[in-house]
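The values are calculated or read from the model by the stated rules, or taken from the named source; none is laboratory data. Quick caveat: nothing in here was measured; it's all calculated off a predicted structure. All Cβ positions, even for glycine, are placed from backbone atoms using ideal geometry, and neighbour counts span all protein chains on display.
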Amino acid sequence: MRYVELPLTELVDEDLLPVMEAWLSNDAYCPIGSAEPVWFDIETTGLSSSSACTYMIGAVMRNEAREWTFRQWFAEGPGEEEVLLRSYAEALPENCALLHYNGTTFDIPFLRDRSRYLELDITWPTLSIDLYGQLRRLKSLALLPSCRQRDLEPYAGYTRVDPYDGGTLIRYYGDYVKYNKLFHIQESMRIPMPPHDTDLPYSAEECAANIYETLARHNREDLAGLVSLVRLYDVFDILNGDIGDTDLTGFGVSAVITLMTERRWPKDLLVACPLPKKCLTLPERCFDCIVTVSPDEDGRPTLCVPILTEPAKHFYDNYHDYFYLPLEGRAIHRSIATHMDRKYCRPAKRGEAFDWFRGELLPQVGEVFSPCFLYDPKDACLLFPAKELPKHPEKQTEYAKGILSLFLRKKK
């Protein structure tokens, strides 16, 4: 079995370490208490634990000097899986939490099943954090085709060199075992390899070494990419309202608000949220109205809210005091209606006591600006005259926080 240990800073930028530490101390994302965090990823010869084995495990953990290190265990052949699992389990701190990407459904059950199959007396940690379970919200927010780890890594600022996936490398591991076995046979029998064999241009030792580096690099990059994903959590903090001050930097077809936060917004990441139909009954022509957040030229997150031009309604509190004019589609106070012919007006029903507002409107969550207008009396999302936004810079931050809350609102 091969074992490799090296400083984590050889795999990732050093400025990632304080971001990791901040993420680990945040109970909202990593509720592990005093447990020692261990990031890990495994490589297997298949998906079924009854027929496949574990041939490599990579982990990122602290050493005795509290420095972050990358560690890797590699089985030279399927017969070394038992040694591999024992060595990894013995390296885990007594009180630790496993951090992973979709390991809840594969990595952790696979290790437990293989331990039972090999009759190993190993008790695996029960506390774990699955980053996939938290970050998969980005798939719908950013309209991503999938939410695999390698799909998110570019937004976290990590550039992967390895082009392979775990499934492709299963065959590579089989080739490694074959060439490594051939090399040891040659060594024991002292048989020289032909220098220009057409089927095997390199020696068995060179072939095994090249394949091993391919396998090891894939696992290293899986771990480096995994820890880099903590950078993406700034997106959730910003959408949850950690935005600092704001600046209205654009006002035309949309209201563009720059969020003057110190948190980092990922390059090229655009998240979108259609104005929710359950909160705002939009006319059909407005169904394509979408609120977005994306980085500006300086990398600062920018909130873009569409300005609506469809006429809205101002509903009066007490509809019993109003009469409805069917021909005009509006209501008037009963004090005026007393002088009108009853064939042109009637007592207003609920939802009919309103007057129209025709002009540019912006949606808002809560009554930040007034007066307020609606498309439907049951709407939870209010509307206000768009011209009020640039007039009141002191309200813009509160307004932006309300709109951002729409992104992470749970769907019922």
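When you scan the range 31-48, do you find a residue that is farther than 29 Å from V177 by Cα and among the polar types (S, T, N, Q), even just one?
yes
Being in a loop (DSSP other than H, G, I, E, B) and of a type in the set (A, V, I, L, M) is true for just one of V12, V38. Which residue is that? Before the answer, list the steps.
Working: V38 fails: in a loop (DSSP other than H, G, I, E, B).
Going through V12, V38 in turn, just one is in a loop (DSSP other than H, G, I, E, B) and of a type in the set (A, V, I, L, M): V12.
Consider only pairs whose beta carbons are under 9 Å apart and that are at least six residues apart or on different chains; among these, list those whose first residue lies in the range 18-32 and is among the hydroxyl-bearing types (S, T, Y) and whose second residue is modelled with pLDDT of 95 or more.
Y29/W23; Y29/I129; Y29/L131; Y29/Q134; Y29/V230; Y29/Y233; Y29/F236
Given the criteria in a strand (DSSP E or B) and modelled with pLDDT under 95, does C279 qualify?
no
Name the single residue, out of those in the range 347-373 being out of contact with any Leu (no Cβ under 9 Å at 6 or more places or on another chain) and among the charged types (D, E, K, R), that is farthest from D321 (Cα to Cα).
Filtering the range 347-373 for residues that are out of contact with any Leu (no Cβ under 9 Å at 6 or more places or on another chain) and among the charged types (D, E, K, R), the one farthest from D321 (Cα to Cα) comes out as R358.
Of all residues being assigned to a helix (DSSP H, G or I) and free of Cβ contacts under 8 Å to residues at least 60 places away in the same chain in the range 212-254, which is farthest from the chain's Cα centre (by Cα)? Just the residue, please. Steps first, please.
If we filter the range 212-254 for residues that are assigned to a helix (DSSP H, G or I), which is where we start, we get 212-239.
In the following step, the residues that additionally are free of Cβ contacts under 8 Å to residues at least 60 places away in the same chain were identified as 213-214, 217, 234, 237.
Values: E213: 30, T214: 28, R217: 24, D234: 10, D237: 12 Å.
Out of the qualifying residues, it is E213.
May I ask you to say which residue of P163, P145 is exposed (fewer than 14 other Cβ atoms within 10 Å of the Cβ), more than 22 Å from I211 (Cβ to Cβ) and without any contact (Cβ under 8 Å) to a residue 60 or more places away in the chain? Outline the logic, then answer.
Numbers: P163 fails: more than 22 Å from I211 (Cβ to Cβ).
P145 is the lone residue from the list that is exposed (fewer than 14 other Cβ atoms within 10 Å of the Cβ), more than 22 Å from I211 (Cβ to Cβ) and without any contact (Cβ under 8 Å) to a residue 60 or more places away in the chain.
For the range 83-95, which residues satisfy the criterion of being crowded, with 20+ Cβ neighbours inside 10 Å and either in contact with a Lys or Arg (Cβ under 9 Å, 6 or more places away or on another chain) or closer than 14 Å to P125 by Cβ (or both)?
As a first pass, look at the range 83-95 and keep what is crowded, with 20+ Cβ neighbours inside 10 Å: 84-85, 88.
Scanning the range 83-95 gives L85, Y88.
Tell me which residues, restricted to the range 103-136, are surrounded by fewer than 16 Cβ atoms within 10 Å (Cβ to Cβ), of a type in the set (S, T, N, Q) and more than 20 Å from A35 (Cα to Cα).
T105
Got at least one residue in the range 255-267 being in a loop (DSSP other than H, G, I, E, B), within 20 Å of the chain's Cα centre (by Cα) and among the aromatic types (F, W, Y)? Talk me through it step by step, then tell me what you get.
From the range 255-267, those in a loop (DSSP other than H, G, I, E, B) are 261-267; that's our starting set.
If we keep only those that are within 20 Å of the chain's Cα centre (by Cα) too, we end up with 261-267.
From the residues that got through so far, the ones that are among the aromatic types (F, W, Y) too are 265.
Checked the range 255-267: at least one residue is in a loop (DSSP other than H, G, I, E, B), within 20 Å of the chain's Cα centre (by Cα) and among the aromatic types (F, W, Y).
Do any helices (runs of 4 or more DSSP H) entirely within the range 92-142 hold 1 or more residues that are β-branched (V, I, T) and modelled with pLDDT of 95 or more, and if so, which? Give the derivation first.
On the way: elements: 107-117, 131-135, 137-141.
Those helices (runs of 4 or more DSSP H) span 107-117.
Please find, among P306, P276, the residue that is touching a Cys at 6+ places or on another chain (Cβ under 8 Å), in the same structural domain as K395 (by TED's automatic domain parsing) and surrounded by fewer than 17 Cβ atoms within 10 Å (Cβ to Cβ). Explain how you work it out, then say what you get.
Details: P306 fails: surrounded by fewer than 17 Cβ atoms within 10 Å (Cβ to Cβ).
When all the criteria are applied, what remains is P276.
What is the one condition in (1) out of contact with any helix residue (DSSP H, G or I) (no Cβ under 7 Å at 6 or more places or on another chain); (2) surrounded by 15 or more Cβ atoms within 10 Å (Cβ to Cβ); (3) modelled with pLDDT under 95 that S49 does not satisfy?
Failing condition for S49: (1).
Looking at this structure, is F74 closer than 28 Å to E153 by Cα and over 28 Å from the mean Cα position of the chain (by Cα)?
yes
Take the residues in the range 51-91 that are part of a loop (DSSP other than H, G, I, E, B) and out of contact with any Asp or Glu (no Cβ under 9 Å at 6 or more places or on another chain); name whichever of them is nearest to L223 (Cα to Cα). Don't jump to the end; show me each part of the working.
In the first step, residues of the range 51-91 are kept if they are part of a loop (DSSP other than H, G, I, E, B); the result is 51-53, 63-67, 75-77.
Okay, now just the ones that are also out of contact with any Asp or Glu (no Cβ under 9 Å at 6 or more places or on another chain), so 51-52, 64-67, 76-77.
Numbers: S51: 25, A52: 22, E64: 20, A65: 21, R66: 18, E67: 16, E76: 21, G77: 22 Å.
The qualifying residue nearest to L223 (Cα to Cα) is E67.
With a cut-off of at least 2 residues that are aliphatic (A, V, I, L, M) and either crowded, with 19+ Cβ neighbours inside 10 Å or within 37 Å of the chain's Cα centre (by Cα) (or both), name the helices (runs of 4 or more DSSP H) lying wholly within the range 312-412.
On the way: elements: 334-337, 388-391, 396-404.
Of the helices (runs of 4 or more DSSP H) lying wholly inside the range 312-412, those with at least 2 residues that are aliphatic (A, V, I, L, M) and either crowded, with 19+ Cβ neighbours inside 10 Å or within 37 Å of the chain's Cα centre (by Cα) (or both) span 396-404.
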